[in-house]
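Student: I have a structure I would like to understand better, so I am pasting it below and will then ask my questions one at a time.
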Amino acid sequence: MDMVFLAQEAAEVAQSNLGNGLVFGLATLGPGIGLGILIGKAIESMARQPEAAGMVRTTMFIGIGVVEVLALLGFVLAFII
Amino acid sequence: MTPFLAVDVQYGGNFDGALDDINALFQMPPIFEFGIGGLDLSINRTILIIWLATAAAFLLFRAAFSDARIVPGKLQSACEMVIDFVRNIALDIIGPKGVKFVPLLTTFFVFIFAMNLMKITPGIMLPPTSRMAVTGFLALTAWVVYVSVGIKTHGFLGYIKEVSIPPGTPKAILPILAVIEFVSNLILRPFALAIRLFANMVAGHILVVITLVTVHVFLYPRPGLPVGILALGISPLVFGFELFIIGLQAYIFTLLTAVYISSSLESH
């Protein structure tokens, strides 16, 4: 009986952990693509116009801050759920 | 759990369920119980770390600028570089009016950097910014500043109009867009500021703890020894990465505060 109970318990724990992992994993997909595009475009424009590199870099960091928070919300939610 | 974890590490005990409750990494037991009318003001390790980091930053800048010279010494020029860095952010983003906000932004940058640096300081290894109260209060300060600047510039109703109606909006979608803009500018912005710093620090602290616990557990003559060696090799990389994150988060918080202040100042 004890073994059955333990197995059930383990299955429940594993399921909830899988859910947490999925929340974070899915939450990183969109921001990951977004960050790739954002930084790639920023590097492209810096290479094309090196004299505007400072401005592009600052704007890039603002964009990173805005995109990154979506993934971090997923990280926080994974613990809350 | 954390005290038991430390004991387990010391005596090579078992780690079953050592990281079951991740909250225990961040919730320190009170050292000195204290409270006013149900408000818990106990002194715990996090608060001691905040005091220590603040005092360290204060003493560093005081030592640098107590006898400021025209030809700066080593320490003074290093601290001047920090202030110059923040000043450039303010001038780039806000423009000539930004000089007024340099003290605030410098305080944010230095405070957050000092707090975050406690994450990888040997002997402390706990960032106070991994508690929501600290980052929430910082974000609240930024919110109060940019909202009051906006109200001072445009007047109360003018500021409400400024944050909720983007220029050139078609009349048809105005009711929906105004609500979205209002919520995103006044409620989501400070929330995102707080969550960004908090979640980065929590993730970094968990990463550091897991790396170091792995080294402690597996670096021992037993079948898992390669894992221990791998973790030992990776740990400098983890620390370097965390140092990068620490600087980046302090920079992004300062930068976004400057952006929000600038958006309150300009009118369209």
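Student: Apply the Kirkwood formula to chain B: the hydrodynamic radius equals the inverse of the mean of 1/r over all pairs of different alpha-carbon atoms; give it in Å with one decimal. Walk me through the intermediate numbers first.
Tutor: On the way: mean 1/r = 0.0466 Å⁻¹.
Final number for the Kirkwood radius of chain B is 21.5 Å.
Student: Let me check against my output: what whole-number percent is the relative contact order of chain B, with C-alpha pairs under 8 Å and at least 6 apart?
Tutor: 21 percent
Student: Just to be sure I understand: with springs between alpha-carbon atoms less than 10 Å apart, which residue in B:Gly95, B:Gly228, B:Gly38 has the highest mean-square fluctuation in the Gaussian network model of chain B?
Tutor: Greatest mean-square fluctuation among the candidates belongs to B:Gly38.
Student: Follow-up. Estimate the FRET efficiency between B:Leu91 and B:Val227 by the formula 1/(1 + (r/R0)^6), using the beta-carbon distance for r and 45 Å for R0, to the nearest 0.05. If you can, show how the numbers build up before the last one.
Tutor: Details: r = 50 Å, r/R0 = 1.11.
Step by step, r from the Cβ atoms, then E = 0.35.
Student: From the backbone phi of segment B:255-266, what are the Karplus-calculated ³J(HN,Hα) couplings (6.51 cos²θ - 1.76 cosθ + 1.60, θ = phi - 60°) in whole Hz, Gly and Pro given as x?
Tutor: 4, 5, 4, 4, 5, 5, 4, 5, 5, 6, 7, 7
Student: Treat each spin label as a single point 7 Å out from the Cα along the C-beta direction, and report the B:Met81 to A:Thr28 distance in nm.
Tutor: Modelled inter-label distance: 3.3 nm.
Student: Where the centroid of each part is defined by its Cα atoms, how far is segment B:28-80 from segment B:170-236 in Å?
Tutor: A separation of 25 Å, based on Cα centres.
Student: Using a cut-off of 14 Å between beta-carbons, work out the net charge of the residues near B:Gly155 (Lys and Arg +1, Asp and Glu -1, B:Gly155 not included). Show your work: numbers first, answer last.
Tutor: Numbers: positive: B:Lys152, B:Lys161; negative: B:Glu162.
Result for the local shell: +1.
Student: I would also like to ask the following. Label-point separation (nm) for B:Ser148 and A:Ile43, each offset 7 Å from Cα along Cα-to-Cβ?
Tutor: 4.3 nm
Student: Would you list which lysines come within 29 Å of B:Lys161, measuring only between C-alpha atoms, while excluding same-chain residues fewer than 8 positions from it?
Tutor: Within the straight-line cut-off, B:Lys161 pairs with B:Lys97, B:Lys100, B:Lys152, B:Lys171.
Student: Still on this structure, please answer the following. Which one, B:Asp92, B:Asp21, B:Asp84, has the greatest fluctuation when you compute a Gaussian network model over chain B with C-alpha springs under 10 angstrom?
Tutor: B:Asp21
Student: Which whole-number percent is the relative contact order of segment A:2-80 (Cα, under 8 Å, 6+ apart)?
Tutor: Working: 41 pairs, mean separation 37.1, N = 79.
Answer for segment A:2-80 is 47 percent.
Student: Provide the per-residue ³J(HN,Hα) series for segment A:23-37, in order, calculated from phi with Karplus coefficients 6.51, -1.76, 1.60 and θ = phi - 60°, each as a whole number of Hz, with x at glycine and proline positions.
Tutor: So the Karplus estimates, Gly and Pro as x, are 4, 5, x, 5, 5, 7, 4, x, x, x, 4, x, 5, x, 4 Hz.
Student: Further question: Where does the charge balance sit around B:His205 when Lys and Arg score +1, Asp and Glu -1, over other residues with C-beta under 14 Å from its C-beta? Before the final figure, lay out the partial values.
Tutor: Numbers: positive: B:Arg45, B:Lys119, B:Arg131; negative: B:Glu242.
Its environment carries a net charge of +2.
Student: How high is the FRET efficiency from B:Ser267 to A:Leu70, r the C-beta distance, R0 25 Å, rounded to 0.05? Write down the numbers at each step before the final one.
Tutor: Numbers: r = 30 Å, r/R0 = 1.18.
The formula returns an efficiency of 0.25 here.
Student: Now for a separate question. Once phi is turned into θ = phi - 60°, what whole-Hz ³J(HN,Hα) does the Karplus curve with 6.51, -1.76 and 1.60 give for every residue of segment B:104-109, x standing for Gly and Pro?
Tutor: Going residue by residue, I get 4, 5, 5, 4, 4, 4 Hz, with x marking Gly and Pro.
Student: Mind giving me the FRET efficiency for B:Leu52 and B:Leu237? R0 is 30 Å, r the Cβ-Cβ distance, nearest 0.05 is fine.
Tutor: Values: r = 27 Å, r/R0 = 0.90.
With a Förster radius of 30 Å, E is 0.65.
Student: Using Cα-only point scatterers and the Debye equation, what is log10 of I(q)/I(0) for the protein assembly as shown at each q in 0.09, 0.10, 0.12, 0.15 Å⁻¹, rounded to two decimals?
Tutor: Those come out to -0.64, -0.78, -1.08, -1.50, one per q.
Student: For chain B, modelled as a GNM with alpha-carbon contacts under 10 angstrom, which of B:Ile120, B:Ile50, B:Ile22 fluctuates the most?
Tutor: It is B:Ile22.
We did not get these values from a lab; they are worked out from the coordinates using the rules stated. Note that the structure is predicted; figures quoted are calculated from it, not measured. Note that we place each Cβ from the backbone using ideal geometry, even for glycine, and neighbour counts take in every protein chain shown.
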